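Structure, as structure tokens:
Rule-based calculations on the coordinates, nothing more; no lab input. Just so you know, these numbers come straight off a predicted model, no measurement behind them. Glycine gets a Cβ as well: all are built from the backbone with ideal geometry, and neighbour counts include every protein chain shown.
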Amino acid sequence: MAGLALDGSNPDVRLLYEINGLAKAAPAWFDRIMEFVGEYGIMLGMVLVVLWCWWSVRRRGTAEDAVSAVAGIVWAPLAAGIALLVNIPIRGFVERQRPFREHTGLEVLVEGKNDFSFVSDHATMAMALAVGLFVVNRKFGVAAIALALLEGFCRVYMGVHYPTDVIGGLALGTAVALLLSPLAMMLLTPLAGAVSRSDRLGGLVRSRRVPTGAGSTGRPGTIGIPEPCPGAVCGDGEKGLAA
């Protein structure tokens with residue numbers, strides 16, 4: 001399917017030239033920023049959003065909520081990895097060349113892109129991460145989806161993808177993250193629960209919120225059982241447990 005419609009009447013090509021034309025009109029320093037943002041910066045931002053979401057759900061949620069949420073957060077990068085694997089045969093089947101190989105006059109900000117164009121790996125990975133986070137937490141998910149859309153725009157701006165490459169990547173990432181989510185959560189939630197009971201790794205999963213009525217030790221994630229009154233008379237008038 002290498003012979004996709006690539007003539008000038010194709011709206012995909014027209015939109016490519018319009019968006020990439022912004023790069024031609026922009027100053028060189030701005031293009032360098034867009035190059036870094038589109039190639040590395042947004043993906044680094046996605047990692048920070050994932051980590052922030054992990055920290056937030058452990059700080060605010062209950063013990064049960066934390067286990068489920070952490071399982072969902074673990075699924076987000078796994079979904080991105082699976083989506084990239086699914087994209088390998090898609091690229092080999094479609095065999096769409098990069099736009100700068102088929103069209104002249106494009107401002108290409110990243111050299112050395114010799115693999116096939118459809119679908120965009122960056123858009124696929126970013127949207128799979130974003131949708132995975134949205135299932136866990138809408139606030140962080142919306143922020144991540146905004147970053148994924150910006151990633152798609154940057155790939156076209158940089159002249160390395162057609163708009164439909166990006167749309168295909170966004171759709172693929174969404175489909176993998178949503179369709180496989182029930183099975184993934186079925187497997188990951190018990191695993192996260194087991195990790196939460198571990199002395200060494202439990203802190204990665206356990207809620208940091210101290211339940212109401214917890215003892216004076218203030219240990220995060222512990223059940224709120226009041227401590228006995230050693231050697232003293234308790235409030236109900238009965239003798240407390242001996243120390």
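Summary table
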item: Amide H within-cut-off set for Y162, under 5 Å, with H built and near neighbours excluded; result: none
item: Virtual spin-label span in nm between D199 and E102, 7 Å along Cα→Cβ; result: 6.1 nm
item: Ranked list, fewest to most other Cβ atoms within 10 Å of each Cβ, for H122, H161; result: H122, H161
item: The range 11-196 shape via C-alpha gyration tensor axes, a/c threshold 1.5; result: prolate
item: Residues in the range 123-163 that a label on A26 would reach, taking backbone N under 18 Å of a point 7 Å out along Cα→Cβ; result: 123, 146-163
item: Span from the the range 112-169 Cα centroid across to the the range 41-99 one, whole angstrom; result: 12 Å
item: Sequence of V131, V94 once ranked by neighbouring C-beta atoms within 10 Å, starting from the fewest; result: V94, V131
item: Residue list for the range 160-191, given a label point 7 angstrom along the Cα-to-Cβ vector of V86 and an amide N cut-off under 19 Å; result: 164-188
